[in-house]
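Here's the structure, in structure tokens; my notes come after.
All of the numbers you see were taken from the coordinates with simple rules; none came from a lab. It should be emphasised that the depicted structure is a prediction, and the values quoted were computed from it without experimental measurement. Methodologically, a virtual Cβ is constructed for each residue, glycine included, from the backbone with ideal geometry; neighbour enumeration extends over all protein chains shown.
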Amino acid sequence: MLDGPSDEQLAEISSIRERADALRRTLTPGRDLATRSLLPTSLPGDTDATVYISDIADELRLIVSDLAAVGQRALAVIALHASLAANRQAASGQHLAVVATIFLPITFLVGFFGMNFEVLVNNVQHGWPAFVIFGLLLNVICVVVTTWWLQRRGWQ
């Protein structure tokens, strides 16, 4: 489960927990009855019945406690599954944040140079050199600087 938690595993663990809880709820009244049973001690005769009822009560007590432990372990595994899913989601969110951070300056540049102000249109030389400098080189510089800055801060 630690290598790759899946929904099938979660369903199986939930099923195990439900079955353990159902068995525990079913056996608890029998355990209580066997513990409080005074019938064999009040009957005259062999004491084997008392020992037998005592053994049954002890076994039922152990079984109910084991079923409760199985239920608690299943809850712990479900919590672990939720934690692993949250970790995967956080990693995905971090990757999306990195992509958004890289494209934010590029979006700003495209939006700025996409406006039709006379100052920008009349003062920028037309042709290939202006396209290479403003259209390609400036965007590449933004990507390189942003990537360097993110790596320096320890982002992946």
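Points to keep in mind about this one:
- Neighbourhood charge, 13 Å Cβ-Cβ cut-off, centred on residue 6 and excluding it, Lys, Arg +1 and Asp, Glu -1: -3
- Label point 7 Å beyond Cα of residue 16 along Cβ direction - residues of region 70-100 with amide nitrogen under 14 Å: 70-81
- Theoretical gain in end-to-end length, residue 155 to residue 56 [0.36 nm per residue, Cα-Cα removed]: 29.6 nm
- Annotation: the residues 59, 8, sorted from fewest to most other C-beta atoms within 10 Å of their own C-beta, follow the order 8, 59.
- Segment residue 25-residue 113, extension gain: residue separation times 0.36 nm, minus the distance between their alpha carbons: 24.6 nm
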